[in-house]
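Asker: Before we start, here is the structure in question, set down as structure tokens.
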Amino acid sequence: MTFRNTLRRLLGWLVLTAAPAFAVETHPSSLAPTGKVFILPIREDIMPPLVYLVRRGVKEAMEANADALILDMNTDGGRVDVTEEIIGIISKFNGKTFTYVNDRAFSAGAFISVATRKIYMAPQSVIGAAAPIMMSPGGTGAERLPDTAEAKMTSAVRALMRAQAEKNGHNIEVIEAMIDKTKALTIDGEMLNKEGNILTLTDRQAAKEYGTPPRPLLSSGTVESMDALLQQLGYAGAQRIDIKPSGAEQLGIWINTLSPVLLILGIVGLYIEFKTPGFGLPGIVGITAFAIYFLGGYVAGLSAAGWMLAFVVGLILVVVELFVVPGTFIAGLAGVVLMLVAVVMGMVDMYPGGPAVPTLPQVVLPLRNISAAVIVSFVLALLLARFLPKTPLYQQLVSQTASGVDTVAALEKQHAARVGRTGVTLSPLCPGGKARFGDELLDVITRGEMVEKGRSVKIIRHSGPNEVVEEAG
């Protein structure tokens, strides 16, 4: 069991106690194994949480070099945009793909079924009724689309499904009759669907053969159960891995929706921490926000744990630049670059065996999120730098975070004792930077003038956590 699966199972138990205890269930066979088959459930509504489950299942199948991926289908449909995303994910799997319609595959379920190589159906199951509809707010119901919108949506969906049907060898006319109510369907002189209706097929109708040479209408056969299907496909002796949904998928949805907010909290929290003495609440908030950000990408199947580690390494390099070797810029620059790359890659959808470098479409959303977060954080930082030191909240933060300083009065006394001391700048003051005064390394600022590295400066007062200096005569 991988660390990723263990974490997801634990999160699923914490978020939804009713969720299955295991994310992956393996069925050993008494026969000699002849490969690996992953069973991926497509159940209930086709909504965003299902994307996370499908992504996880497909990536695990790819990592395991599975021979086949079987969709266990039982759904009334759902959102077209989610369906298109799921189809794109399934297309990345290089092995054989099948759909087993285990009761019904309506609307979006029919679309996804067409995206697999072959479709099999259970007795008394049905497939079709795939005309696009408009979901009511909250996704709890459906409304009829306006005529113009319906025509546009139908045209777009037909193009998408025509491409999938051509790719996987399904009857294009059958698929179009399931989508477009203006499409009549007659094969071998038999009227299968009248104009004005949406085609829906039972398992027997879908498996009936037409044409010369005879070909099934849509289904490759009616099969009693998943076990019987594995037997028919020649995978009776294969290792069967069932992907199980867990609460982690829903948790990933919530976290990734809030990812821009988490980035802002992380940036602002670390900024305040660096501007106040010691370590306390702002630093905890900042680090926690970034940790949750990476956790969201991890449980969603987007980022690897290594990117969280890369971010931590980058943060350490920035700390080294600020407090150990100020003025060198090498450690700080490397740290900032590493942190930015980690934040972007934390939300990039990469697949096993794919390109090592992400494409532009893959990084658009992460770059958009981080750009917005940086801009908002910069504005907040300017406001905080100007007004926070004058507020009671700042005094409380200083009291709680100052290392070796118990009260605001004691901190003020410490600042006052430094007035008049002279030291040497360890970095250029532009107008802020670092300077050493005896054994103390301090954050200092000037009154606006620039001071070069290595110059002698004198403390004249303090502003918030920083000592105000001027160049010594």
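The values are calculated or read from the model by the stated rules, or taken from the named source; none is laboratory data. Since we're looking at a predicted model, the values are computed, not measured. Note: ideal-geometry Cβ built from the backbone for every residue, glycine included; neighbour counts use all protein chains shown.
Asker: Considering every residue within the range 12-20, establish whether at least one is within 18 Å of the chain's Cα centre (by Cα), modelled with pLDDT under 85 and not assigned by TED's automatic domain parsing to the domain that holds Val126.
Answerer: yes
Asker: Search the range 85-97 for residues that are basic (Lys, Arg) and pair each with any residue that is crowded, with 18+ Cβ neighbours inside 10 Å and outside any strand (DSSP E or B) when their beta-carbon atoms are under 9 Å apart and the residues are at least 6 apart or on different chains.
Answerer: Taking only residues 6 or more apart or on different chains, the pairs are Lys92/Val58; Lys92/Lys59; Lys92/Met62; Lys96/Asp67; Lys96/Thr116; Lys96/Leu233.
Asker: Can you spot a residue in the range 34-41 that is of a type in the set (S, T, N, Q) and under 26 Å from Ile175 (Cα atoms)? Write out each step before concluding.
Answerer: Of all residues in the range 34-41, those of a type in the set (S, T, N, Q) come to 34.
Subset that is under 26 Å from Ile175 (Cα atoms): none.
Within the range 34-41, none of the residues are of a type in the set (S, T, N, Q) and under 26 Å from Ile175 (Cα atoms).
Asker: Which of (1) at pLDDT 85 or above; (2) over 18 Å from Phe329 (Cβ atoms) does Thr425 not meet, given it meets every other one?
Answerer: Failed condition: (2).
Asker: Further, regarding this structure: Test Ala177 against the criterion of being within 21 Å of Ser125 (Cβ to Cβ), in contact with a Pro (Cβ under 8 Å, 6 or more places away or on another chain) and of a type in the set (Gly, Ala, Ser), and give yes or no.
Answerer: Spelling it out, it is not the case that Ala177 is within 21 Å of Ser125 (Cβ to Cβ), in contact with a Pro (Cβ under 8 Å, 6 or more places away or on another chain) and of a type in the set (Gly, Ala, Ser).
Asker: Another question, if that's okay. With the checklist (1) at pLDDT 80 or above; (2) outside any helix (DSSP H, G or I); (3) surrounded by 20 or more Cβ atoms within 10 Å (Cβ to Cβ) in hand, flag the one item Glu224 doesn't pass.
Answerer: Glu224 satisfies every listed condition except (3).
Asker: Looking for whichever is under 20 Å from Ser371 (Cα atoms), modelled with pLDDT of 85 or more and in the same structural domain as Leu383 (by TED's automatic domain parsing) here; the options are Leu270, Leu317, Leu265, Leu302. Which one fits?
Answerer: Leu265 is the lone residue from the list that is under 20 Å from Ser371 (Cα atoms), modelled with pLDDT of 85 or more and in the same structural domain as Leu383 (by TED's automatic domain parsing).
Asker: Another question about this same structure. Would you please name the residue that is farthest from Lys208 (Cα to Cα), looking only at residues in the range 154-193 that are touching a Phe, Trp or Tyr at 6+ places or on another chain (Cβ under 8 Å) and among the β-branched types (Val, Ile, Thr)?
Answerer: Val157
Asker: Moving to a separate point now. Taking the condition part of a helix (DSSP H, G or I), closer than 27 Å to Gly169 by Cβ and either aliphatic (A, V, I, L, M) or modelled with pLDDT under 85 (or both), does Val51 pass?
Answerer: yes
Asker: I've got another one for you. Can you tell me which residue among Ala151, Ala163, Ala131, Ala105 is under 23 Å from Asn193 (Cβ atoms), surrounded by fewer than 23 Cβ atoms within 10 Å (Cβ to Cβ), modelled with pLDDT of 85 or more and small (Gly, Ala, Ser)?
Answerer: Values: Ala151 fails: modelled with pLDDT of 85 or more; Ala131 fails: modelled with pLDDT of 85 or more; Ala105 fails: surrounded by fewer than 23 Cβ atoms within 10 Å (Cβ to Cβ).
So the residue among Ala151, Ala163, Ala131, Ala105 that is under 23 Å from Asn193 (Cβ atoms), surrounded by fewer than 23 Cβ atoms within 10 Å (Cβ to Cβ), modelled with pLDDT of 85 or more and small (Gly, Ala, Ser) is Ala163.
Asker: Answer with yes or no whether Arg144 is of a type in the set (Lys, Arg), exposed (fewer than 14 other Cβ atoms within 10 Å of the Cβ) and at pLDDT below 90.
Answerer: yes
Asker: Here is a follow-up. Please verify whether the range 451-471 includes one or more residues that are touching a helix residue (DSSP H, G or I) at 6+ places or on another chain (Cβ under 9 Å), among the aliphatic types (A, V, I, L, M) and modelled with pLDDT of 75 or more.
Answerer: Taking every residue of the range 451-471 in turn, at least one turns out to be touching a helix residue (DSSP H, G or I) at 6+ places or on another chain (Cβ under 9 Å), among the aliphatic types (A, V, I, L, M) and modelled with pLDDT of 75 or more.
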